[in-house]
1. Of the numbered conditions (1) within 10 Å of the ligand (Cβ to nearest atom); (2) out of contact with any Leu (no Cβ under 9 Å at 6 or more places or on another chain), residue 151 satisfies every one except a single condition; which is it?
2. Can you tell me which residues in the range 198-257 are out of contact with any strand residue (DSSP E or B) (no Cβ under 7 Å at 6 or more places or on another chain), modelled with pLDDT under 90 and of a type in the set (Val, Ile, Thr)?
3. Note down all Cβ pairs under 6 Å where the first residue falls in the range 390-402 and is of a type in the set (Val, Ile, Thr), the second is within 12 Å of the ligand (Cβ to nearest atom), and they're at least six residues apart or on different chains.
4. Among (1) surrounded by fewer than 18 Cβ atoms within 10 Å (Cβ to Cβ); (2) at pLDDT 95 or above, which single condition is residue 371 missing?
5. Can you tell me which condition residue 458 does not meet? The list is (1) more than 10 Å from the ligand (Cβ to nearest atom); (2) within 24 Å of the chain's Cα centre (by Cα), and all the others hold.
6. Could you check the range 11-62 and list, in sequence order, the residues that are part of a helix (DSSP H, G or I), touching a residue at least 12 places away in the same chain (Cβ under 8 Å) and over 27 Å from the mean Cα position of the chain (by Cα)?
7. Please give the number of the condition residue 463 fails out of (1) basic (Lys, Arg); (2) surrounded by 16 or more Cβ atoms within 10 Å (Cβ to Cβ); (3) in a loop (DSSP other than H, G, I, E, B).
8. Return the only residue of 297, 312, 353 being modelled with pLDDT under 95 and either in a helix (DSSP H, G or I) or buried (at least 22 other Cβ atoms within 10 Å of the Cβ) (or both).
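The values are calculated or read from the model by the stated rules, or taken from the named source; none is laboratory data. Quick caveat, the model's predicted, so the values are computed rather than measured. Virtual Cβ from ideal backbone geometry, glycine too; neighbours counted across all protein chains shown.
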Amino acid sequence: MNAAVMMMFFWVILVFLYLKMQEKFSYWKIRNIPYVKPIPIFGNLKNFFLGKCNIGQQLASIYLDSNEKLVGIFMLHKPAVLVRDSDLIKTILIRNFECFHNRSASTSVDVEKNPDASTGLMVSKDETWKFIRKTITPAFSFLRLKTMMDNIQVCNNEMISYLLSKTKENREINMRDVALRYGVDTVCSILFGIEANCFKEENAELRLLARNLFDYRIFQRGFNIAMVFISPFISKIFGFDFLHIESVQNLVKILTQCLRDRNMNFRRRNDYLDMLSDAMKKYTGKGNLLCGATETFVAGNEAISSSLCFAFYHLANDLNIQHKLRHEIKEIMAEGKQVTHEQLSQISYLDFFTKELFRMYPIVPFLDRVCKRNFHLENSNIIIEEGMLVYVPLFGILHDPEFYPDPYTFRPERFSDGHLDWSMYFPFGKGPRMCLAKKYTDLVIKMCLVNVLINFKLELSSKSPNEMTLHSRGFSCQPSGDVFLNLYKLD
Ligand code: HEM
């Protein structure tokens with residue numbers, strides 16, 4: 001083939017691809033539905049792909065630029081829907097759950113090729129999801145968690161001892177590292193009954209494993225995870241996975257050994273691991289349910305450690321908030337050395353503080369669902385087609401000045417004003433698929449803040465970031481860098 005023919009061939013393919021893309025991009029226009037104009041290749045995700053913001057922030061800017069109840073968007077080449085209206089959100093997440101119960105990640109996984117990757121709650125679908133969700137939910141119940149107070153206090157004591165010894169050498173501490181150690185120690189202790197020893201051992205196996213699983217600073221990890229939520233089609237072709245498969249296998253080995261020990265010693269804790277083990281005996285679907293536990297391990301340490309990192313930063317950045325919170329904690333604890341469950345629930349400013357934390361930094365910054373069959377939206381000409389992805393821009397909603405005036409200012413008091421539209425505050429999601437670890441998160445984070453604040457004063461250091469920024473990769477909200485603070489021991 002000579003050069004001229006090859007050139008012509010190349011142009012024909014290029015024109016063909018261009019026309020095909022134009023045809024795809026006319027999807028919303030020909031249906032007369034308001035949409036955001038896409039650009040070739042990226043669709044409406046240009047800023048995300050240029051590394052300027054995470055997907056949650058990208059969807060938030062579409063949300064904030066529009067006034068429509070529903071907007072047509074393009075996730076790369078694929079048409080998708082972004083819902084903006086409170087009632088429509090309920091329609092998708094609650095009223096018509098049977099049509100919108102799966103996430104995009106669940107269609108990104110090839111169950112036949114990789115059954116183990118489909119057994120986590122986040123990515124599982126249909127009957128598998130229902131079965132797992134039902135069996136493990138009791139592990140996160142209020143009563144179950146109340147019995148774990150002593151375990152959580154042990155993790156806190158270890159953290160405080162670690163901080164005491166570290167601050168003797170140097171008061172400037174990387175609080176991101178401390179938060180990760182605490183997140184791993186608590187999730188392992190509460191859900192699996194394993195002592196991860198992240199504060200006692202510098203190279204604790206489970207801490208290293210946690211870092212590999214979900215650190216967006218590892219470029220490929222962040223990219224793969226994001227693609228699973230953006231494009232099931234491309235993820236399947238390239239085999240992008242939600243979790244790092246080698247780390248999953250390592251964690252499964254540790255959990256299998258732990259279950260073996262329990263069986264040999266006839267020990268039962270009635271915790272997440274026991275419930276998973278019961279489920280494994282009844283489960284007839286594909287894949288090893290223990291692999292799915294990796295997702296909970298990741299969610300447990302990632303959500304807790306990132307949230308704490310944001311919290312530490314704001315406490316150091318606003319000393320009034322820090323003093324007010326410490327004052328209220330001390331008043332309620334009186335002479336006690338260890339906070340009780342009842343006392344924790346009485347510290348109202350702590351509750352406002354954590355609510356504001358989850359508003360400013362919703363760890364999962366958007367919700368996504370896949371439409372199971374053609375769905376006609378009531379009182380409109382809109383049909384959401386089978387297989388179409390539907391997004392709820394949580395980050396955008398939680399930063400909408402209409403609901404939260406001055407949304408980028410960290411102000412816990414906004415939750416004591418009584419003027420909030422609570423239907424637009426749902427950082428843990430809504431409906432039957434919402435986060436099952438809300439109480440767990442509240443407890444573990446509040447315990448940590450109480451213990452740190454009664455022992456230390458936090459101040460910004462010369463290495464502290466000027467402002468808190470979010471990592472632009474992946475799908476969840478993570479701080480973009482480390483958070484160094486100066487810690488001063490209180491008497
Ligand atoms: C700040 C803390 C956290 C926030 C803001 C958060 C938020 C969320 C959100 C928004 C969802 C999706 C809900 C939906 O699609 O409607 C979710 C799902 C989930 N979260 Fe959390 N989460 C947090 C902490 C945790 C922790 C600590 C764990 C585990 C120990 C956890 C485990 C999960 C799991 C397993 C799911 C999937 C549930 C399902 O599909 O049935 N989360 N979370």
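1. With respect to (1) within 10 Å of the ligand (Cβ to nearest atom); (2) out of contact with any Leu (no Cβ under 9 Å at 6 or more places or on another chain), residue 151 is out only on (1).
2. 218, 225, 228, 234, 237, 245, 248, listed by residue number.
3. 390/92; 390/369; 392/89; 392/367
4. Checking residue 371 against (1) surrounded by fewer than 18 Cβ atoms within 10 Å (Cβ to Cβ); (2) at pLDDT 95 or above, the one that fails is (1).
5. Single failed check for residue 458: (2).
6. Those that are part of a helix (DSSP H, G or I), touching a residue at least 12 places away in the same chain (Cβ under 8 Å) and over 27 Å from the mean Cα position of the chain (by Cα): 18, 21, 24, 25, 27, 28.
7. All conditions pass for residue 463, except number (2).
8. Among 297, 312, 353, only 297 is modelled with pLDDT under 95 and either in a helix (DSSP H, G or I) or buried (at least 22 other Cβ atoms within 10 Å of the Cβ) (or both).
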